[in-house]
Amino acid sequence: MKDRRNRFACDLTNLGNLCSVLKDCDAIVHLAAHPGGNGASQSYIFENNMMSSYNVFEAAAILGINTIVAASSTNAAGNDCNVDTHYKYLPLDEAHSSHPDEAYGLAKLLTEKVADGYVLRYPDMKVISLRLPYIYFDDHSKCLSQNPKKEPSLYTWLHVQEVVMVIGLALKAGLPGHEVFYVQADETTSARDTMDLMKDFFPGLNIREAIPGRKSPISNEKAKRLLKWVPDPKYQEELNAKKPSE
């Protein structure tokens, strides 16, 4: 593999440049994307993120790189970025249909479809898409929220060190084909019980099983089962120890 300390600037929308950077690599962890905001148009976000992701898979095929871990998002299902959500049931899981209605989520979902196609064409290729939630850092000012947001939210999150951990597990998993995983902390960032929040946000929605306490309304059981991932409770404890915000 390339020296881990090496850094290369690369325009992922340029396939030739990307191939030159990835040459001699054993695996790819694809995290790059325009997150939206800063005045970027929906068309620019979609074009940039979609072309970048497609080129990652095409470069991997050209170079014979058969292990890819890609950062998808809960927004691939149509989550917080959506104008409106279209959940059929909770807890949400990987079998739930996806209904993004904005550029970022659409590009994430279509990148998963690109992965589906590439593993069919290249049977030795193994791809894992991680549907990541909001990522917290040690110096993040966010803390538990007492009051619901104005817009519907599932309040899911994950600490950046947990992201690193689950990526490492995904690289070693060796699962055939393409698998999609929700990965988020076991509990939410809200100080309120999840069932109360969901009733406020999604009255009448099918709750297929009771969600106790502040447990996440998105299931991470598949990741725990197939990736052998065990969320570290210390990050939840650190979040819980912060003074709840109003």
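The values are calculated or read from the model by the stated rules, or taken from the named source; none is laboratory data. Remember, it's a predicted structure, so these values are computed and weren't measured experimentally. Note that we place each Cβ from the backbone using ideal geometry, even for glycine, and neighbour counts take in every protein chain shown.
For first residues located in region 82-96 and within 18 Å of ASP200 (Cα to Cα) and touching a residue at least 24 places away in the same chain (Cβ under 8 Å), partners that are aromatic (Phe, Trp, Tyr) and not in a loop (DSSP other than H, G, I, E, B) and lie 6+ apart or on another chain with Cβ distances below 9 Å form the pairs THR85/PHE201; LEU92/TYR182. Looking across region 32-58 at every residue that is surrounded by fewer than 17 Cβ atoms within 10 Å (Cβ to Cβ) and hydrophobic (A, V, I, L, M, F, W, C), the one that is farthest from ILE68 (Cα to Cα) is identified as ALA40.
Taking the criterion of being touching an Asp or Glu at 6+ places or on another chain (Cβ under 8 Å) and at positive phi, the only residue of region 192-246 that qualifies is GLY213. Return yes when VAL180 is touching a Ser or Thr at 6+ places or on another chain (Cβ under 9 Å), surrounded by 13 or more Cβ atoms within 10 Å (Cβ to Cβ) and at pLDDT 95 or above and no when it is not. In short, yes. Remark: pairs (first residue in region 155-179, among the aromatic types (Phe, Trp, Tyr); second residue buried (at least 18 other Cβ atoms within 10 Å of the Cβ); Cβ separation under 6 Å; 6+ apart in sequence or on different chains) = TYR155/THR188; TYR155/THR189; TYR155/SER190; TRP157/PRO133; TRP157/TYR134; TRP157/TYR136; TRP157/ALA185; TRP157/THR189.
Would you say TYR118 is within 25 Å of LYS222 (Cβ to Cβ), surrounded by fewer than 22 Cβ atoms within 10 Å (Cβ to Cβ), at pLDDT 95 or above and not small (Gly, Ala, Ser)? Considered against the rule, which asks whether it is within 25 Å of LYS222 (Cβ to Cβ), surrounded by fewer than 22 Cβ atoms within 10 Å (Cβ to Cβ), at pLDDT 95 or above and not small (Gly, Ala, Ser), TYR118 comes out as yes. When ILE28, ILE45, ILE62 are checked against the criterion of being touching a strand residue (DSSP E or B) at 6+ places or on another chain (Cβ under 7 Å) and either among the β-branched types (Val, Ile, Thr) or under 19 Å from ALA170 (Cα atoms) (or both), a single residue qualifies: ILE28.
Those helices (runs of 4 or more DSSP H) of region 187-246 in which at least 1 residues are touching a residue at least 60 places away in the same chain (Cβ under 8 Å) and either loosely packed, with under 12 Cβ neighbours inside 10 Å or within 20 Å of the chain's Cα centre (by Cα) (or both), considering only elements entirely within it, cover 221-226, 233-241.
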